[in-house]
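For reference, the structure is listed below as structure tokens.
The values are calculated or read from the model by the stated rules, or taken from the named source; none is laboratory data. Everything numeric in this text was worked out from a predicted model, so none of it was measured. Note that each Cβ is placed from the backbone with ideal geometry, even for glycine, and that neighbours are counted across all protein chains shown. In case anyone asks, the SASA skips ligands and DNA or RNA and just uses the protein heavy atoms, side chains included. Shrake-Rupley method; radii C 1.70, N 1.55, O 1.52, S 1.80 Å.
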Amino acid sequence: MGVRIEKVDLPGIGVRHDLLTGTGRRVSVVSHRDGDHDLAFVDEDDPDSSSDSVELTDDEAAALADLLGSSISMTRLTSLAGDVAGLYTEQLLLPTDSPYLNRPLGDTKARTRTRVSIVALVRGTTVMPSPTPAEILRPGDVIVAVGIREGLDALSRIIANGPD
Amino acid sequence: MHETTVILIEVGALLLGMSLLGRLALRIGISPIPFYLLVGLLFGNGGFIPLDASADFFEVGSEIGVILLLALLGLEYTAQELLSNLKQSRVAGLLDAVFNALPGAVLALVLGWGPVAAVALAGVTWVSSSGVVAKMLRDLGRLSNRETPIVLAILVIEDLAMAFYLPILAALVVGVSLVQGAVTVAIAVGVVAAILFVALRYGRFISRIFTAEHPEPLLLGVLGLTMLVAGVAAEVNVSSAVGAFLVGIAVSGKVAHQASQVLTPLRDLFAAVFFVFFGLATDASELVSMLVPAALLAILTMATKVATGYLAARRGGIGIPGRWRAGLSLTPRGEFSIVIAGLAVSAGIEPRLAPLATGYVLITVVVGPFLARIPDTRWFKQRVRSRQAAVTSRSRG
């Protein structure tokens, strides 16, 4: 997957990175030396100028990057199983009153009980691929699981209410 | 009243007044430089209320102001940036020099001020104010525009050219014989080239003298080194401003970033003092008689600057609206023009250069920001669009 990014130096100010999208738009990120960032969208009438530019602080830029980064990881994960018939990927949010809260992932015995594979855990903005059974489940975790419909439904019940 | 008490009162009242004017400038959307110059004119020679007690303070302060202006300019650039820009935009830089320096030189010769004043006035009209232009680009939200690197490259080359121009001018104004002058110029250029080389190769080691973590030793250290080198440079006729500029370039990386943060408030204070001092030293009554030549020169060289930016942007493959944006944003002249005029006047070359430069900078700095906004107006965009439509229909038909 080739994405074109161009880097242009802005002497005395910082660096500009341009990203050309598949639809022909140019998105520019100006990184100032003092840590500020501008996110700019190029004017379609006049490709040399920007139609709008948003100033972002360091923290805001980091948050936006994480947001984009984690949503991309999620789409990549979901596209994994797409082509095998009958196999689904699902993201299950761990309920806040789950009996498995703060317990190892292995305690759910998901594989034995439902024949579903847990392929990743998403915690906040980080994605943990292939978690070990020893991984402790935390509030707000999202479990990414691959399996058949019935198995996924069963897993969803188990993490909410415990084994029947 | 005691002498120092009077100084406190005069300087305090002046700074307070300048702060109010600075806010007014921000409100209008122009640089405060013209207001500072006007304050100086008002209180200086031939002005309404002469300042006596604080004259010494303003003289020393203005010297430090020039040094800090240049040092911070140097801190903004790394030596690598200077070199790569020089390689990429040589032609634009050359064009810029020819287009904008010549009118100044010619006017000085027409006025019968002699060749040295011609060299000085050429410098005054040549250099755009990187401070004013960079701030304008930021305010107008043009940093992500494609023509902006071209505009910045021109500014960088001008600033670098000043590192060679100022020592040459400094040697010329001393008024030595031709052979002696050539030797002085050669020494000056050699010293500048040597320092640039050291900055490029060993900048890291120079930066290592300082520590970025502690602001106070950093402030004293960088300020000390800058003033020391500036003084030594002035001693060998290389102009203190250039010495300071080169120190700024040599310091790099994290230290440069921190140093510019701690030095910026000082720069703001002393640069303001510098502009006021220049106004103080300028004869206000002479300004009136110089207003017409200044206005003519301003109109002519703003037009040549627009042409410079337009052509440079065209070489860079920028569309027509972008070319106009590049050209119109380059017109303001500022600190360098005043530094150059100050250098010439203090050496006793043509006193009328000061009022001319003051008037000239006043006009370009005030008009520049309004010119720069023209390409953003609906009127301009429609004109460009209808012009383009006419061209395409003609080429089709």
Quick check on B:LEU86: is it modelled with pLDDT of 85 or more and within 30 Å of B:ALA303 (Cβ to Cβ)? no
Give the residue, chosen from A:ALA120, A:ALA61, A:ALA154, that is at pLDDT 85 or above, hydrophobic (A, V, I, L, M, F, W, C), within 30 Å of B:ALA326 (Cβ to Cβ) and open to solvent by less than 50 Å² (accessible area, probe 1.4 Å). A:ALA61
Taking B:SER128 and the conditions (1) open to solvent by 50 Å² or more (accessible area, probe 1.4 Å); (2) assigned to a loop (DSSP other than H, G, I, E, B), which numbered condition does it fall short on, given that it satisfies the others? (1)
Number of the condition not met by B:ARG333 [criteria: (1) closer than 19 Å to B:LEU169 by Cα; (2) open to solvent by 30 Å² or more (accessible area, probe 1.4 Å)]: (2)
Identify, by number, the condition in (1) closer than 29 Å to B:PHE274 by Cα; (2) away from chain A (no Cβ under 13 Å) that B:SER329 doesn't meet. (2)
Matching entry among B:PHE245, B:PHE270, B:PHE210, B:PHE197 (being modelled with pLDDT under 85 and part of a helix (DSSP H, G or I)): B:PHE197
Restricting to the stretch B:228-273, name every residue that is out of contact with any Pro (no Cβ under 8 Å at 6 or more places or on another chain), crowded, with 17+ Cβ neighbours inside 10 Å and β-branched (Val, Ile, Thr). B:VAL229, B:VAL247, B:ILE249, B:VAL251, B:VAL255, B:VAL273
Would the stretch B:362-377 turn up any residue that is open to solvent by 20 Å² or more (accessible area, probe 1.4 Å), over 30 Å from B:ALA171 (Cβ atoms) and not in a helix (DSSP H, G or I)? yes
Cβ-Cβ under 9 Å pairs, at least 6 apart or on other chains, the stretch B:20-46 side without any contact (Cβ under 8 Å) to a residue 40 or more places away in the chain, far side open to solvent by 50 Å² or more (accessible area, probe 1.4 Å) and β-branched (Val, Ile, Thr): B:ILE28/B:VAL366
May I ask you to list the residues in the stretch B:319-329 that are open to solvent by less than 40 Å² (accessible area, probe 1.4 Å) and in a helix (DSSP H, G or I)? B:PRO321, B:GLY322, B:ARG325, B:ALA326, B:GLY327, B:LEU328, B:SER329
Quick one: which helices (runs of 4 or more DSSP H) lie wholly within the stretch B:14-94 and hold at least 2 residues that are open to solvent by less than 20 Å² (accessible area, probe 1.4 Å) and over 20 Å from B:LEU263 (Cα atoms)? B:33-43, B:79-88
Residue among B:ALA134, B:ALA122, B:ALA153 that is assigned to a helix (DSSP H, G or I), under 22 Å from B:VAL306 (Cα atoms), at the interface with chain A (Cβ under 10 Å from one of its Cβ atoms) and without any contact (Cβ under 8 Å) to a residue 60 or more places away in the chain: B:ALA134
Looking only at the stretch B:274-318, and only at residues there that are in a helix (DSSP H, G or I) and of a type in the set (Ser, Thr, Tyr), the one that is surrounded by the fewest Cβ atoms within 10 Å (Cβ to Cβ): B:SER285
